[in-house]
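One structure is given here, and the rest of the page talks about it.
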Amino acid sequence: MRVMERTFREQLFFLVLCLSVLKGDSRYIENNDISKDELFSFFNPELKRETPEELLYRRPLRCLDMIAVEGQFTFTAERPQLSCAAFFMAEPTEVISVDFDNVDIDCRGGDFITVFDGWVMKGDKFPSSQDHPLPLHERYVDYCDSGSLKRSVRSSQNVAMVFFRIHNAGSSFTLTVRKHINPFPCNVISQSPEGSYTIVIPQQHRNCSFSIIYPVEIDISEFSLGHNLNFPKRSMPRCAEAGDFVQLLGGSGIDTSKLLPITDFCISFSGSTHMKVGCDNTVVRMVSSGQFVNRVSFSYRLLDSQELQTIKLNNVEDFCFNN
């Protein structure tokens with residue numbers, strides 16, 4: 001598989017097929033009738049307007065699925081399904097709740113349904129352990145372990161996923177997925193290859209990232225930190241010492257801790273900073289000490305094929321795809 005020649009969405013498809021599931025067990029998603037176009041239809045915002053708000057959307061859940069709508073999703077096993085995953089996505093300013101309904105599986109026989117707070121693909125996690133507010137073990141909620149005590153799970157960001165394994169034909173379960181407004185969004189995966197966004201961290205000791213899973217031109221239009229250090233506008237070696245700074249990262253995975261830094265910003269400025277990033281994943285990440293109100297605003301657009309070719313001629317692909 002020649003990764004460099006595929007867009008990130010195509011890579012994402014193959015990463016899902018090879019994802020590493022719960023507790024480090026590496027399994028492979030079995031073939032099913034879902035097409036690649038169906039798998040990535042959740043990136044289309046028009047999908048969200050298919051169903052009137054007063055009606056609850058219902059459809060079967062596939063062994064490998066992508067979902068960006070609220071509704072009720074039922075999985076019924078026609079044969080043993082030993083490695084399945086459903087990926088859920090909401091708007092940047094929303095979080096996701098997953099409710100377990102009508103569960104009929106054999107927990108003692110090795111079945112499980114596990115909600116993960118974020119996404120896991122090929123061992124990579126979003127948000128990374130460095131950026132998520134919970135320790136890793138608390139991000140997994142297993143229905144068989146919690147039972148009726150934990151029938152509803154809410155994500156910390158706009159993405160979540162469910163792993164499940166069913167041994168017996170006829171076993172089934174239903175998930176009800178809803179979206180909720182998040183007044184203080186932090187870690188986000190963008191659904192769109194173009195748009196604008198502002199990260200604000202109001203005196204909280206946390207790290208927030210905005211992940212754009214496309215090669216893009218990014219324009220940082222506003223950047224303000226509570227401190228005022230006499231650092232250069234771009235100063236990679238010293239920004240980490242400041243305690244409050246913004247990173248621009250790039251690479252081909254979803255785990256920000258594994259991406260390479262493109263540049264850092266650690267002093268407030270006005271005006272505009274443009275940068276073209278040919279990587280499959282471009283991330284704006286803000287690190288905050290909690291002592292100040294920090295803010296960064298940016299816009300982004302998809303690079304066209306000619307721009308990508310120019311970047312490749314400049315050997316940027318080595319940076320983007322070989323990390």
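The values are calculated or read from the model by the stated rules, or taken from the named source; none is laboratory data. Just so it is clear, the structure is predicted and the values come from calculations on it, not from any experiment. Cβ coordinates were reconstructed from backbone atoms using ideal geometry, including for glycine residues, and neighbour counts include every protein chain displayed.
Across region 171-194, what is the total count of residues that are at pLDDT below 95 and either assigned to a strand (DSSP E or B) or out of contact with any strand residue (DSSP E or B) (no Cβ under 7 Å at 6 or more places or on another chain) (or both)?
Qualifying residue count for the region: 4.
Name the strands (runs of 3 or more DSSP E) wholly within region 267-309 that hold at least 1 residues that are in contact with a helix residue (DSSP H, G or I) (Cβ under 6 Å, 6 or more places away or on another chain)?
On the way: elements: 269-277, 281-289, 293-302.
It comes to 281-289.
Just give me the residues in region 154-167 being assigned to a strand (DSSP E or B), under 22 Å from Pro133 (Cα atoms) and touching a helix residue (DSSP H, G or I) at 6+ places or on another chain (Cβ under 9 Å), in sequence order.
Kept after step one, since they are assigned to a strand (DSSP E or B), are these residues of region 154-167: 154, 159-166.
Now drop any that are not under 22 Å from Pro133 (Cα atoms), which leaves 154, 159-163.
Hit for region 154-167 is Phe163, nothing else.
Out of Gly123, Gly170, which single residue is farther than 30 Å from Asp304 by Cβ, among the small types (Gly, Ala, Ser) and in contact with a helix residue (DSSP H, G or I) (Cβ under 9 Å, 6 or more places away or on another chain)? Can you show your working first?
Numbers: Gly170 fails: in contact with a helix residue (DSSP H, G or I) (Cβ under 9 Å, 6 or more places away or on another chain).
Step by step, each of Gly123, Gly170 is checked, and only Gly123 is farther than 30 Å from Asp304 by Cβ, among the small types (Gly, Ala, Ser) and in contact with a helix residue (DSSP H, G or I) (Cβ under 9 Å, 6 or more places away or on another chain).
Would you check if there is a residue in region 72-80 being modelled with pLDDT of 95 or more, out of contact with any helix residue (DSSP H, G or I) (no Cβ under 8 Å at 6 or more places or on another chain) and among the hydroxyl-bearing types (Ser, Thr, Tyr)?
Yes, there is a match, as at least one residue in region 72-80 is modelled with pLDDT of 95 or more, out of contact with any helix residue (DSSP H, G or I) (no Cβ under 8 Å at 6 or more places or on another chain) and among the hydroxyl-bearing types (Ser, Thr, Tyr).
For region 107-120, enumerate the residues that are assigned to a strand (DSSP E or B) and more than 10 Å from the chain's Cα centre (by Cα).
Keep residues of region 107-120 that are assigned to a strand (DSSP E or B), which gives 112-116, 119-120.
Of everything in region 107-120, those that are assigned to a strand (DSSP E or B) and more than 10 Å from the chain's Cα centre (by Cα) turn out to be Phe112, Ile113, Thr114, Val115, Phe116.
Looking for something part of a strand (DSSP E or B) and surrounded by 22 or more Cβ atoms within 10 Å (Cβ to Cβ) - is there at least one such residue anywhere in region 91-99? Steps first, answer last, please.
First, pick out the residues of region 91-99 that are part of a strand (DSSP E or B): 94-99.
Add one more test, that the residue is surrounded by 22 or more Cβ atoms within 10 Å (Cβ to Cβ), and what stays is 96, 98.
Yes, that holds for at least one residue.
So, of the residues in region 219-247 that are surrounded by fewer than 22 Cβ atoms within 10 Å (Cβ to Cβ) and modelled with pLDDT of 90 or more, which turns out to be nearest to Arg206 (Cα to Cα)?
Among those residues, the one meeting the criterion is Ile220.
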